[in-house]
Structure formats: C-alpha cells, structure tokens
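Let me begin by presenting the structure, written as structure tokens, before commenting on it.
Here, each number is a calculation from the coordinates, and none is a lab measurement. Keep in mind the model is a prediction, meaning the values are calculated, not measured. In this analysis, Cβ positions are derived from the backbone assuming ideal geometry, glycine residues included, and neighbour counts consider all displayed protein chains.
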Amino acid sequence: MWNEEEIKAYVKDRLSEKRFNHVLGVCDTAVKMAECYGGSKKDANLAALLHDIAKKMSDEELIKLVSSKGYKLNSVEKNSPQLLHALAGAIIGRDEIGIDNEDVLNSVRYHTTGRENMSLLEKIIYISDYIEPSRNFPGVDELRKLSFENIDKALLLALENSIKYVIKKGELLHIDTIKARNFLIIEG
Ligand SMILES: [Fe+2]
Ligand SMILES: [Fe+2]
C-alpha cells in the first residue's frame, strides 16, 4: 500500500483545486468525528482522502471501470452514472493503491448513497462529506452540531435531506438510500 503522501499527491493530481479542498475538509471533519465516537482516526483520514478520487471520471470511464470488474449497473446507476464515482473510488483504492481494509473501502463505496446497517466509519464518511466546512445549505450548522451529539440522528437527517434534494431535482432515488433511512427508523 502507498504511504499517505503518495496517496495525497495522487488525489490532488486527479481533482480540481476546489474538489481537493473539499476532500481536505472531509478529512478534517472525519478525523474529529472518529475522535468523538472512538473510531480509528487513521482509517477515517484514509477513507476521507480517497472518497472522491474518481469524481472527475466521465460517465463512460466510470461504466468501463466498474464493468471491467464484473459489476452490473442497476437502472438508477444507468440513469445517473456519476453515482458510480463512489464504487470506482473503492476499486481504485483496492486495485491501484493497495488498500485491503474492507471498512475503509466500503466507506468510500457507500459515501454517496449510504446503505442499510452502516458501520461507524461508513456513517462518519457519509456525514463528513455532507457537513465539511465548505458545505453551505440551510440547516448545515444544526446538522454539524448534531453530528457530534448523536451520529444516527445526524445520519437520518442527512439522508432525508438528500432524498428531498433528489426528489426536488426530479432525479431517481437509489434503493440503498431508502434502505439506509428505513433501517435507521426501524432499528433506531
Ligand atoms: Fe462523492
Ligand atoms: Fe465528497
């Protein structure tokens, strides 16, 4: 596996300056959340650093990469191939960078949709992506506060905000996002 400096240089090289700053913000927030909830700061930093590594890939490149690994796109992913930047990031992390920590890879893979029964690290990355310092939307400060008080409530709110946003734009909801929300309500 590459060292942190090598990974950072690789990520920086593949993203715009704005997107790279977002990534650094996610790293910072994820490490703080890991500290707050007793998770691994090292894993939080690594997953955050990687999470958007495939963000600049075109739809065609994303489809080609995930298909080459045997992944079959569902109808929502066919309609919105950019969702695949999360799965593609996990593939690059595993196959190019040499990461074998499944929890780190899953946190990258599910950072956009969420999923049922998320691990602590998956929750941290999902939420940090949403609340890092450069994010700005109505209610972000309340969500930031809640993220350090009750991670499941914060996750539910973030999922619901994102579901509403997708509906408002007239786009398709991913089944994993619905399952993530339902799970939190049933098990919460
Ligand atoms: Fe992303
Ligand atoms: Fe992101």
Q. If contacts are Cα pairs under 8 angstrom and at least 6 residues apart, what is the relative contact order of the chain in percent?
A. 22 percent
Q: Based on the mean of other Cβ atoms within 10 Å per residue, sort peptides 26-34, 139-147 so the most packed one is first.
A: 26-34, 139-147
**Q.** Rounded D (µm²/s) - the range 1-48, Kirkwood Rh over Cα pairs, Stokes-Einstein at 25 °C, 0.890 mPa s
**A.** 220 µm²/s
Q) Considering only the other residues whose Cβ falls under 13 Å of the Cβ of residue 15, what net charge follows from Lys and Arg at +1 and Asp and Glu at -1? A) +4
Q.
Net charge within 10 Å of residue 87 by Cβ-Cβ distance, Lys/Arg positive one each and Asp/Glu negative one each, not counting residue 87 itself?
A. +1
**Q.** Computed [θ] at 222 nm, deg cm²/dmol, the chain (DSSP H ≥ 4; -39,500 (n - 2.57); rounded to nearest 500)
**A.** -20500 deg cm²/dmol
Q) How many angstrom lie between the C-alpha centres of the range 172-188 and the range 86-136? A) 17 Å
Q: Calculate, in whole percent, how much of the Cα-Cα pair population of the chain lies beyond 23 Å.
A: 39 percent
Q: Report, to two decimal places, the Cα Rg of the range 136-188 normalised by 2.2 N^0.38 Å (N = number of residues).
A: 1.17
Q: Could you size up the charge dipole of the range 73-185 around its Cα centre, putting +1 on the beta carbon of Lys and Arg and -1 on that of Asp and Glu, and report it in debye to the nearest 20?
A: 480 debye
Q | Selection from 154, 87, 173 lying farthest towards where the dipole of the chain points positive, charges on Cβ | A | 173
